[in-house]
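The values are calculated or read from the model by the stated rules, or taken from the named source; none is laboratory data. The shown structure was predicted, so the numbers you read here are calculated from the model rather than taken from an experiment. All Cβ positions, glycine included, derive from the backbone under ideal geometry; neighbour counts span all protein chains shown. These area figures cover heavy atoms from the full protein model, side chains too; ligands, DNA and RNA do not enter into them. Shrake-Rupley method; radii C 1.70, N 1.55, O 1.52, S 1.80 Å.
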Amino acid sequence: MGEKKRFSKFYIFPFLYVLSSYLALSNIFTGGKGLVYTLMFLSPFISGILNIVVCARCCKPEYHDIMITSAAIVKYCLVPFFVIGGFLVAGSFISGFIIPVPPMFLVGTSIAFILCAAGWLIVAFGSPYTISYVVLSQREGRTSKGMAVFHIILQFFFSLDVIDVICLSFRAKRNIKMTIAIIVLIAVSFIAVIALVLFILLQIITG
């Protein structure tokens, strides 16, 4: 019982990382200043370093299943985060071309680049759980070294990291309900975005 309770406490870390990422995102919209808002903005990176330390210390066979569940928590819960972030990047980039002020091109593209860099760091700092799971799988002979390297590389690319965790979850027969739910969410979001783009294009053409 005590062992199970100890393992369940491990999930505090992935949830803390997800929460800190959304706190940083909310800071962009509130535009707050001061020490508290600075810490909010830096919180995912602080929590990300904690992820690395925790995963390095707990990269042990008894944490094998916990690592893939933690990876799913982080990657799946951050899908809406990156959807919102994608709109912010697109909006910043497009505004640099639409607004007829010469400096806006530099401002818009610079903001888009900064947001992309920050987003990539959040992807990277959220990857230790998947990497630990893959390393443990390789040690236990469940996957080859080549495939392990391939899975690790995918963790540093937008979207591909989520697809990879989906595949790993199905293969491990873990988090199936959560994985199906996120597939449905992604599909609905994709259809909604396409519908929105088509609607905007239609309004432009007919207007």
Exercise. Here are some conditions: (1) farther than 30 Å from Phe190 by Cα; (2) buried (at least 20 other Cβ atoms within 10 Å of the Cβ). Ser47 meets all but one. Which one does it not meet?
Worked result: (1)
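Test Gly126 against the criterion of being touching a Phe, Trp or Tyr at 6+ places or on another chain (Cβ under 7 Å), touching a residue at least 60 places away in the same chain (Cβ under 8 Å) and either under 18 Å from Ile52 (Cβ atoms) or crowded, with 17+ Cβ neighbours inside 10 Å (or both), and give yes or no. Spell out the reasoning first.
Numbers: touching a Phe, Trp or Tyr at 6+ places or on another chain (Cβ under 7 Å): yes; touching a residue at least 60 places away in the same chain (Cβ under 8 Å): yes; either under 18 Å from Ile52 (Cβ atoms) or crowded, with 17+ Cβ neighbours inside 10 Å (or both): yes.
When the stated conditions are applied, Gly126 passes them.
Just checking, which of Ile73, Ile66 is of a type in the set (Val, Ile, Thr), in a helix (DSSP H, G or I), surrounded by 18 or more Cβ atoms within 10 Å (Cβ to Cβ) and without any contact (Cβ under 8 Å) to a residue 60 or more places away in the chain? Steps first, please.
Numbers: Ile73 fails: without any contact (Cβ under 8 Å) to a residue 60 or more places away in the chain.
Of the residues listed, the single one that is of a type in the set (Val, Ile, Thr), in a helix (DSSP H, G or I), surrounded by 18 or more Cβ atoms within 10 Å (Cβ to Cβ) and without any contact (Cβ under 8 Å) to a residue 60 or more places away in the chain is Ile66.
Checking the condition in contact with a helix residue (DSSP H, G or I) (Cβ under 6 Å, 6 or more places away or on another chain) and farther than 26 Å from Ser43 by Cβ, which residue from Ile191, Ile166, Ile182 passes? Please lay out each step first, then the result.
Values: Ile191 fails: in contact with a helix residue (DSSP H, G or I) (Cβ under 6 Å, 6 or more places away or on another chain); Ile182 fails: farther than 26 Å from Ser43 by Cβ.
Criteria check complete, one pass: Ile166.
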Seminar exercise, completed: Of the residues in segment 144-158 that are without any contact (Cβ under 8 Å) to a residue 60 or more places away in the chain, open to solvent by 20 Å² or more (accessible area, probe 1.4 Å) and outside any helix (DSSP H, G or I), the one that is farthest from Tyr22 (Cα to Cα) is Ser144
For this session: Taking the options Phe81, Phe87, name whichever one is surrounded by 15 or more Cβ atoms within 10 Å (Cβ to Cβ) and hydrophobic (A, V, I, L, M, F, W, C).
Result: Phe81
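Would you pick out the residues in segment 23-42 that are under 19 Å from Ser92 (Cβ atoms) and either open to solvent by 70 Å² or more (accessible area, probe 1.4 Å) or out of contact with any helix residue (DSSP H, G or I) (no Cβ under 7 Å at 6 or more places or on another chain) (or both)?
Ser26, Ile28, Phe29, Thr30, Gly31, Phe41
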Exercise. Regarding Gly141, is this residue open to solvent by less than 80 Å² (accessible area, probe 1.4 Å), outside any helix (DSSP H, G or I) and modelled with pLDDT of 90 or more?
Worked result: yes
For this session: Of the numbered conditions (1) at pLDDT 85 or above; (2) under 15 Å from the mean Cα position of the chain (by Cα), Gly86 fails exactly one; give the number of that condition.
Result: (1)
For this session: Show the residue pairs that are 6+ apart or on different chains and have beta-carbon atoms under 7 Å apart, the first residue being within segment 14-30 and more than 14 Å from Val79 (Cβ to Cβ) and of a type outside the set (Ser, Thr, Tyr), the second being open to solvent by 80 Å² or more (accessible area, probe 1.4 Å) and in a helix (DSSP H, G or I).
Result: Ala24/Phe41; Asn27/Tyr37; Asn27/Phe41
Exercise. List pairs: first in segment 166-181 and under 22 Å from Glu140 (Cα atoms) and of a type outside the set (Val, Ile, Thr), second part of a helix (DSSP H, G or I) and open to solvent by 30 Å² or more (accessible area, probe 1.4 Å), Cβ under 9 Å, 6+ apart or cross-chain?
Worked result: Ser169/Ile176; Ser169/Met178; Phe170/Ile176; Ala172/Asp65; Arg174/Asp65
